[in-house]
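A quick write-up on the structure given underneath.
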Amino acid sequence: MSDSLSTSRLSALVRLVRPLQWIKNFFVFAPLLFSGKFRFESSIQNACIAFIAFCLVSSAVYVFNDLNDVERDRRHPKKRFRPIASGQIPPFVAAVMIGMLLAACVSISLPTTWRLLLVLGAYLLLNIGYTLQLKHQPVIDIFCIAAGFVLRVVAGAVVLGVPLSSWMFVTTLCLALYLASLKRRQELLAMKSDSETRAVLKHYSISLVDRYAEMSAVGALLFYSLYVMNDGSRLVITIPIVLFGLFRYWFIVESKGEGESPTDALVRDPLLISTIVAWTVVCISALSGWGIA
């Protein structure tokens, strides 16, 4: 009986830190890829440290969010099963976990650069503000979600000591706005069950967030295309792959009702995963001069 209880508690702790959401932190590796520093072991190590640091700080944010929303989650048909809302994890234990995750984040980041700590701190403050107030402000809430992705890319750049390309910055921003807009779209469709916990949805309409998503998708494709064409590299061949990925993701959102959680939509679609893998392989091939691209 005690073994079963321990297993249940461990499972609840794992769900509390949401490891599936760590997929978002792969944005950290974008500067490693496009700077060509993936050829150097030390650069790979530093990028991996930034990735782990973001996994820790983002998990701390998820726990803080669950603590703050516990009463509302208990009234939600799906979210009431979350570890804190269901009573599996006491609030005190969750608070201790936040401290431990942040301490581990600082500890692992210290050997790299103080600039990484600044980016992590900015991400933490942004999400605290988002949880407490900004998620209730229309349009600002979408840009806050997108800013989290941009900060991941910034972290990847500072830990490598390379300047963040303006093209990469604006492309990441547009792509993140695309994902965030479609996230709000799917939440709107489920508004009957979610309106109590996301009051900001009352300010949106399906047609409005669809236009946001369309603008952002066009911007992401345009700026990415200009970047690779202006660079004169062989990465031009990746443009059709990016376009297919945007099409495929919107297909998943529209026809399968996914997109409320971009990570869930990704892991449930083998073709989308294959598209991202293919894009990564072609990029590495083109930037390494292997002759595959």
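The values are calculated or read from the model by the stated rules, or taken from the named source; none is laboratory data. Note that the structure is a prediction, hence the values are computed from the model and not measured. Here the Cβ is made from the backbone with ideal geometry for all residues, glycine too, and neighbour counts use every protein chain on show.
Numbers below:
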| item | result |
| --- | --- |
| Condition check for Val93: modelled with pLDDT of 90 or more and either more than 21 Å from Arg9 (Cβ to Cβ) or assigned by TED's automatic domain parsing to the domain that holds Thr171 (or both) | no |
| Qualifying residues in region 135-181 (those that are touching a Cys at 6+ places or on another chain (Cβ under 9 Å) and buried (at least 18 other Cβ atoms within 10 Å of the Cβ)) - the one nearest to Asn46 (Cα to Cα) | Ala146 |
| Helices (runs of 4 or more DSSP H) fully within region 202-293 counting 1 or more residues that are touching a Leu at 6+ places or on another chain (Cβ under 7 Å) and without any contact (Cβ under 8 Å) to a residue 60 or more places away in the chain | 206-231, 239-256, 270-288 |
| Test: residue in region 229-239 that is within 18 Å of the chain's Cα centre (by Cα) and either surrounded by 18 or more Cβ atoms within 10 Å (Cβ to Cβ) or not polar (S, T, N, Q) (or both) | no |
| So Tyr130, is it more than 21 Å from Asp73 (Cα to Cα) and either modelled with pLDDT under 95 or touching a helix residue (DSSP H, G or I) at 6+ places or on another chain (Cβ under 8 Å) (or both) | no |
| Filter result (crowded, with 23+ Cβ neighbours inside 10 Å and of a type in the set (A, V, I, L, M)) within region 18-46 | Val28, Leu32 |
| Residue in region 107-118 that is under 17 Å from the mean Cα position of the chain (by Cα) and at negative phi present | no |
| Residue count, region 204-228 (criterion: among the β-branched types (Val, Ile, Thr) and surrounded by fewer than 17 Cβ atoms within 10 Å (Cβ to Cβ)) | 2 |
| Qualifying residue in region 93-106 (condition: without any contact (Cβ under 8 Å) to a residue 24 or more places away in the chain, under 17 Å from Ala155 (Cβ atoms) and in a helix (DSSP H, G or I)) | yes |
| Selection count, region 133-144, where residues are in contact (Cβ under 8 Å) with a residue 60 or more places away in the chain and either touching a helix residue (DSSP H, G or I) at 6+ places or on another chain (Cβ under 6 Å) or assigned to a helix (DSSP H, G or I) (or both) | 4 |
| Region 155-193, residues that are over 24 Å from Tyr212 (Cα atoms) and in a helix (DSSP H, G or I) | Ala155, Gly156, Ala157, Val158, Val159, Leu160 |
| Cross-chain or 6+ apart pairs with Cβ under 9 Å, region 57-73 first and within 17 Å of Asn25 (Cβ to Cβ), then of a type in the set (Phe, Trp, Tyr) and surrounded by 22 or more Cβ atoms within 10 Å (Cβ to Cβ) | Val57/Tyr123; Ser58/Tyr123; Val61/Tyr123 |
